[in-house]
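The values are calculated or read from the model by the stated rules, or taken from the named source; none is laboratory data. Because the structure is predicted, anything quoted here is derived from the model rather than measured. Neighbour counts run over all protein chains shown; Cβ positions are idealised from the backbone, glycine included.
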Amino acid sequence: MRSILAALSFIAIIASAINAQAQAQPKGNTEANTNDAKVATAEEGVEQTRPNRATAPLKAVVRGFFIGTRFSMGYMVLRQKIDDVQNWPVLTQQKKDEGYGLGTMLQLEVGYDITPLIAIEVLGGASLINGTRKDRVRDLGVMFGGLGLRVAPRINDRFRAVVAAGAGYANADNAVDEAETGAVAFINGGIEYYVHVRHFSIGIDVTILCPVQPMRLFVGLGPQVKYTF
């Protein structure tokens, strides 16, 4: 009788152990599933807040420090008068001016965009103008440098209207007479286009170079290229 009771007690203990283990197992799985869900949710939140660099739009116009160059071909529309009739008697029968005509100009500039509309720049360049007179052969070279202010109103995402003006110092020399030095004013106006290669822009300008003493006026037209860092 005692052996039967002992056997029944042993069976009851084993059944209790199996039942306890069965009840504990789902609880552990639930906790693991809950933790996995929390991690997945956190990772999903990170993915949602992380910027997609592959599809982020790039700015069409870059602003900051820039360097540029422009080349112009034009004409000296205002020339210095010549009063030295004694040394050049033929002047009494022709126009009494220097006779400068067609010319070219190369200009370099370094600047900074203060705002999307306004920039300051340091610029310099040189111009060579051919003489047209047969009795008084002279070609004029003008070297200049100074400071300028550039305004570029927006037309659309990539086009800008550009107006720039400045003043500085010029040296005019025809390689025969004594060189002339003095103040100079310059004005540029045209259209600028920011190409799809970032940082670069191209355009076309009307360029005016005006040495003040003596008074001359050169007007040119040509392309310009600019790189913004």
By residue number, the members of the stretch 146-170 that are in contact with a Pro (Cβ under 9 Å, 6 or more places away or on another chain), crowded, with 16+ Cβ neighbours inside 10 Å and under 21 Å from Gly124 (Cβ atoms) are Ala152, Val162, Ala170
Exception for Ile118 within (1) loosely packed, with under 14 Cβ neighbours inside 10 Å; (2) at pLDDT below 95; (3) among the hydrophobic types (A, V, I, L, M, F, W, C) falls at (2)
Using the structure shown, decide if Ala183 is surrounded by 15 or more Cβ atoms within 10 Å (Cβ to Cβ) and out of contact with any helix residue (DSSP H, G or I) (no Cβ under 7 Å at 6 or more places or on another chain). no
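Yes or no: Leu209 touching a strand residue (DSSP E or B) at 6+ places or on another chain (Cβ under 9 Å), surrounded by fewer than 18 Cβ atoms within 10 Å (Cβ to Cβ), closer than 28 Å to Asn171 by Cα and touching a residue at least 12 places away in the same chain (Cβ under 8 Å)?
no
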Residue pairs within 8 Å by beta carbon, gap of at least six or interchain, first lying in the stretch 96-122 and without any contact (Cβ under 8 Å) to a residue 24 or more places away in the chain and in a strand (DSSP E or B), second exposed (fewer than 14 other Cβ atoms within 10 Å of the Cβ) and of a type in the set (D, E, K, R), listed first then second, are Asp97/Lys81
Among (1) of a type outside the set (Ser, Thr, Tyr); (2) crowded, with 18+ Cβ neighbours inside 10 Å; (3) out of contact with any Leu (no Cβ under 7 Å at 6 or more places or on another chain), Arg216 falls short only on (3)
Take Val85 and tell me if it is at pLDDT below 70 and in contact with a helix residue (DSSP H, G or I) (Cβ under 6 Å, 6 or more places away or on another chain).
yes
